[in-house]
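Heads up, the thing below is written out as structure tokens.
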Amino acid sequence: MVAVTLPDQSVRSFDKPVTVAEVAASIGPGLAKAALAGKVDGKLVDTSFTIDRDAQLAIVTDKDADGLEIIRHSTAHLLAYAVKELFPEAQVTIGPVIENGFYYDFAYKRAFTPEDLEAIEKRMAELAKKDIPVSREVWKRDDAVNFFHSIGEKYKAEIIAAIPSNEDISLYREGDFVDLCRGPHVPSTGKLKVFKLMKVAGAYWRGDSKNEMLQRVYGTAWAKKEEQEAYLHMLEEAEKRDHRRLGTALGLFHLQEEAPGLVFWHPKGWVIWQQVEQYLRRVYQDNGYQEVRCPQILDRTLWEKSGHWENYKDNMFTTESEKRDFAIKPMNCPGHLQIFNRGIRSYRDLPLRFGEFGSCHRNEPSGALHGIMRVRGFTQDDGHIFCTENQIQPECAAFTTLLKKVYADFGFTDIVYKVATRPEKRVGSDELWDKAEAAIIESLRQSGCDYTLSPGEGAFYGPKIEYSLKDAIGRLWQCGTMQVDFNMPVRLGAEFVDEDNSRKHPVMLHRAIVGSLERFIGILIENHAGALPLWLAPVQVVAMNVTDRQEAYVREVVEALRNAGIRAESDLRNEKINYKIREHSVQKLPYQLVLGDKEVAARTVSARTRAGENLAPESLESFISRLQAEIAERR
């Protein structure tokens, strides 16, 4: 007798071992048809998996996150199947699931063309329509190696040969196609109905530039057609909003080969930067942070003490002077500890909050660079809070409340919270980890934030909260973080005198609100499609004359706007007014003032909004008051 307990805690009994598919069928034909896999005692398995003992079982369908991942994984194999049918000489390598889809790497004698992708996608649809069964087989390691060698799949044979010889190998068969995989997979190709191939890119075998170049075919797959259509629409919107294109079109910044991963800020772009930095500086001042500044280059010995030299050296830019090794700082925390360590600190000084707009450099791979979103030189709104264990929770709660307000001021109100808990390799006692994890979880509860757990994804020195904001087209950007660190204060000798006169190490909270300012500005540009809110816009108002007769009045208006703190420019060119309006509309300016003879005579201004609305004429003083109110409210 086998007892199977379902998620609703009901129990179904069977007089012999039973497959996941048979359990689903016993519940109902609808579930039997929808079943993609099962989760037996928490482990994902195929529907063909046999349950031969009492167990917990959840049937996985396309409504589950696990189900969507299985669909994408199975579609990657369907891609490889179709490629082998159309291009028999192509060799398959690896094909994992990635965010929103999958890819598969192939070795082939020529580059795949867009026409090839169309043909492959068509064959995938034909194979899916045939509803070919997908079955799992277990082979001996050496038998699998010999098999793949025999069919000319040297890459797959190499992967399998690296597996210990005493381990069995899991293979999946669909029709004539056999592939290495742990699984699980959908029970048949007919479950794969919504997919699209996106592009081809180059990729080195095993990610090593010394190896041969392969072709990586990217695809996306979904449970429902409307979900894929929404995703493809989002990609179209993302392309329109690409900060690299807008940065050039709006004259904000540029990048060039002579300075890879480093940004040339133009005057308009630097205005945005200054608005973000000065806003955050006021946040620091209003919330008890003391702003500091640390050196860019520090001796190797300090990075060894902090642990960065051992764990992060490959990502650090290093230099040598007078037979001493130095590193350009990739992060600010060791420097802040040096400031903490100067002088005797008391428990009365805690919490002590340091903030720095710290310029950092990291030797990112050239292939990972992406506009101003992923660079080698960047500035962080970096802060560190030195506190006692009892102060972890209130400090985290206060930071979350502060972060929510800051994000709202920038136009982001939808925030996703994740708590990353202790990894297997860590420092500190379990008692300390219990306290830290409980503190940050309670801080989110007190702040009214729903959160998800990311078990085992915390840093080796402590748990952390990750704050991700959702932009106008639904993309998530992880920006803020709060990390609890027991380790670095000990390694770098930070101490305070406690109430009983004993010396103790403080807890160090690493926190950032926007993270990299470069990346955050890129997010802002894409979120607003370049049409930044008034308080952030590089040029807030442009005043234009219709004829030469209004030139003096335009100059007077612009001077008054600038004296009121408004970023205003004049356009006195001898061009038709409609041409000027179109040109400044392309630049996405919040307001345009069109000043003709009527405005001069009445001493008024006629404003046109970015949305194309023509406002009623009003006095310059009234217009200035309205702008100042809009800026103050950060609408």
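The values are calculated or read from the model by the stated rules, or taken from the named source; none is laboratory data. Everything quoted here is computed from the prediction, not taken from an experiment. Neighbour counts run over all protein chains shown; Cβ positions are idealised from the backbone, glycine included. Surface accessibility is based on the protein's heavy atoms, side chains included, excluding ligands, DNA and RNA. Shrake-Rupley method; radii C 1.70, N 1.55, O 1.52, S 1.80 Å.
When each of the peptides 435-443, 548-556 is scored by how many other beta carbons lie within 10 Å of its residues on average, the order from highest to lowest is 435-443, 548-556. For the chain, the residue among Leu589, Val263, Asn614 whose Cα projects farthest onto the positive side of the dipole built from Cβ charges is Asn614.
Only helical runs count toward this figure. For the chain, summing -39,500 (n - 2.57) over DSSP H runs of n ≥ 4 and dividing by all residues gives -11000 deg cm²/dmol at 222 nm. Calculated accessible area for region 1-44 comes out at 56 Å² per residue, all protein chains present (probe 1.4 Å; ligands, DNA, RNA ignored). Among 354-361, 226-233, sorting by the average number of other beta carbon atoms lying within 10 angstrom of each residue, highest first, gives 354-361, 226-233.
Using the Cβ-Cβ distance between Ala238 and Ala65 with R0 set to 25 Å, the FRET efficiency works out to roughly 0.65. When a 1.4 Å probe is rolled over the protein heavy atoms, the share of accessible surface on region 316-465 that falls to carbon and sulfur comes to 47 percent. Legend: calculated FRET efficiency, Arg635 to Tyr312, from the Cβ-Cβ distance at R0 = 51 Å, rounded to 0.05, equals 0.75. If you plug the beta carbon distance of Ala201 and Glu389 into 1/(1 + (r/R0)^6) with R0 = 51 Å, you get a FRET efficiency near 0.60.
Taking the Cα centre of the chain as origin and assigning +1 to Lys and Arg Cβ atoms and -1 to Asp and Glu Cβ atoms, the resulting dipole is close to 900 debye.
The trypsin sites (Lys or Arg not before Pro) of region 204-291 meeting both criteria, a DSSP state outside H, G, I, E and B (loop) and at most 11 other C-beta atoms within 10 angstrom of the site's C-beta, are Lys210. Ranked by the mean number of other Cβ atoms within 10 Å of their residues, highest first, the peptides 495-502, 285-292, 301-308 fall in the order 301-308, 285-292, 495-502.
In this structure region 279-335 gives 58 Å² per residue of accessible area when probed at 1.4 Å with all protein chains present. Taking label points 7 Å from Cα along the Cα-to-Cβ direction, Ile27 and Gln9 give a separation of 1.7 nm. Applying a DSSP loop filter and a limit of 10 other Cβ atoms within 10 Å to the GluC sites (Glu not before Pro) in region 594-624 leaves Glu613. Taking the 1.4 Å solvent-accessible surface of region 563-635 as the whole, the part contributed by carbon and sulfur is 49%. In this simple spin-label approximation, Ser585 and Glu229 carry label points 7 Å from Cα along the Cα→Cβ vector, and these lie 3.0 nm apart. Ordered from longest to shortest, the equivalent ellipsoid semi-axes for the chain are 51, 36, 26 Å, each the square root of 5 times a Cα gyration tensor eigenvalue. For region 1-116, the residue among Ile94, Pro17, Ser74 whose Cα projects farthest onto the positive side of the dipole built from Cβ charges is Pro17. Cα gyration tensor of region 414-535, axes a ≥ b ≥ c as square roots of the eigenvalues: rounded (a/c below 1.5), prolate (a/b > b/c) or oblate? Note, shape of region 414-535 comes out prolate.
The share of accessible area on region 2-93 that comes from carbon and sulfur is 51 percent, using a 1.4 angstrom probe.
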